[in-house]
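Written out below as structure tokens is the structure these notes cover.
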Amino acid sequence: MPALGKVLIVDDSKLIHQMYRLVLMRFGGCRIVDAMNGLEALEILAREKDFDLILLDINMPIMNGIQFMEKMRENGMRSHAPIIVISTEGGEEDTVRAMRLGARGYIVKPFKSESLYDLIEKVVGGKSPAAAPEEMHNIS
């Protein structure tokens, strides 16, 4: 099981943050930092480094997940942390766009917690790009 030191959760739902925390508990005592939108996440990344994983929603107010990834690229903020996009948006266009912007995995809500756990394990363990097959649109 890969070690997770620090994880950034970017989602506008506090309930989703709690669900992710339950899955992340299985990886041990990782530190979790919460952001409610992409702009807040950018501010966090500007002052904090060394994230091991970013869990990112697409649909959020102020700045969505795609805009967040575009801003990271524009500002040269290439995070070494792999990004897993977790969204209600499962369209092929969104999936391909997120992967082109650097996402290492994409899973569609609703999902099984076991599928998210397995995807995190694959992505953090270095197997990439990764996807949770039963919850991801086929992009081939």
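Tabulated data for the structure shown
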{"quantity": "Sole residue being in contact with a Gly (Cβ under 7 Å, 6 or more places away or on another chain) and farther than 23 Å from VAL108 by Cα, chosen from ARG31, ARG73, ARG47", "calculated": "ARG31"}
{"quantity": "Leading residue by the ranking (nearest to ILE66 (Cα to Cα)) among those in region 98-117 that are in contact with a strand residue (DSSP E or B) (Cβ under 9 Å, 6 or more places away or on another chain) and surrounded by fewer than 20 Cβ atoms within 10 Å (Cβ to Cβ)", "calculated": "LEU101"}
{"quantity": "Residue identified as touching a residue at least 12 places away in the same chain (Cβ under 8 Å) and under 18 Å from ALA98 (Cβ atoms) among ARG73, ARG31", "calculated": "ARG73"}
{"quantity": "Residue in region 57-77 that is surrounded by fewer than 21 Cβ atoms within 10 Å (Cβ to Cβ), within 14 Å of the chain's Cα centre (by Cα) and under 18 Å from TYR117 (Cβ atoms) present", "calculated": "no"}
{"quantity": "Single residue of region 49-78 satisfying the filter (of a type in the set (D, E, K, R) and in contact with a strand residue (DSSP E or B) (Cβ under 7 Å, 6 or more places away or on another chain)) that is modelled with the lowest pLDDT", "calculated": "ASP50"}
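The values are calculated or read from the model by the stated rules, or taken from the named source; none is laboratory data. All of these numbers come straight from a predicted model, not from anything done at the bench. Note: ideal-geometry Cβ built from the backbone for every residue, glycine included; neighbour counts use all protein chains shown.
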